[in-house]
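Scroll down for the structure; my scribbles are underneath it.
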Amino acid sequence: MKRQILTFAVVGVVNTATYYCLYLLFLTGLPYLAAHILAFLLSMIGSFFLNARFTYRTRPTWRKFLLFPLTNLTNFLITTAGVYLIVDVLHAGSRFAPLLASAAAIPVTFAVSRWVMLPKAIA
């Protein structure tokens, strides 16, 4: 499982870089929100296949593909709550709050991702 966590983190870095490059590319011809949504969707699809192949070494299926957005939703909810907690409750600076919240979300996001990609491993 240690290898999976490390690979999951590397895929996350690759996914973030892919998203940002696509966002900048699409921004040249699209409004920023459309560029964001398209880059997000494409990078999420890439993340699914990278995690299936390298992190979990499992065959991609339609069921897994359709459930995979739950990992992004989980990450979004935890990081959003974390940023709020860090900035508004703990009164810490907002500059690094997303990084701290994202780091805190990794274990939960990994668990949801593992549940989606390897459902029999969790049961």
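Summary of computed values
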item	result
Subset tally (residues that are assigned to a helix (DSSP H, G or I), more than 15 Å from the chain's Cα centre (by Cα) and polar (S, T, N, Q)) for region 92-123	0
Qualifying positions in region 78-89 - surrounded by 13 or more Cβ atoms within 10 Å (Cβ to Cβ) and among the hydrophobic types (A, V, I, L, M, F, W, C)	78, 81, 83, 85, 86, 87
Hits in region 60-77 (condition: touching a residue at least 12 places away in the same chain (Cβ under 8 Å) and either open to solvent by 40 Å² or more (accessible area, probe 1.4 Å) or assigned to a helix (DSSP H, G or I) (or both))	60, 64, 65, 67, 69, 70, 71, 72, 74, 75
Residue match in region 94-108 (condition: surrounded by 17 or more Cβ atoms within 10 Å (Cβ to Cβ) and at pLDDT 90 or above)	no
Extreme residue, nearest to residue 117 (Cα to Cα), among residues of region 11-25 that are in contact with a Phe, Trp or Tyr (Cβ under 9 Å, 6 or more places away or on another chain) and open to solvent by less than 50 Å² (accessible area, probe 1.4 Å)	11
Qualifying residue in region 38-49 (condition: closer than 11 Å to residue 117 by Cα and aromatic (Phe, Trp, Tyr))	yes
Some residue of region 38-58 being out of contact with any helix residue (DSSP H, G or I) (no Cβ under 7 Å at 6 or more places or on another chain), under 18 Å from residue 11 (Cα atoms), not in a helix (DSSP H, G or I) and not hydroxyl-bearing (Ser, Thr, Tyr)	yes
Qualifying positions in region 28-53 - surrounded by 15 or more Cβ atoms within 10 Å (Cβ to Cβ) and either more than 24 Å from residue 110 (Cβ to Cβ) or touching a strand residue (DSSP E or B) at 6+ places or on another chain (Cβ under 7 Å) (or both)	30, 35, 36, 38
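The values are calculated or read from the model by the stated rules, or taken from the named source; none is laboratory data. Quick caveat, the model's predicted, so the values are computed rather than measured. Here the Cβ is made from the backbone with ideal geometry for all residues, glycine too, and neighbour counts use every protein chain on show. Keep in mind that these areas ignore ligands, DNA and RNA; they rest on the heavy atoms of the full protein, side chains included. Shrake-Rupley method; radii C 1.70, N 1.55, O 1.52, S 1.80 Å.
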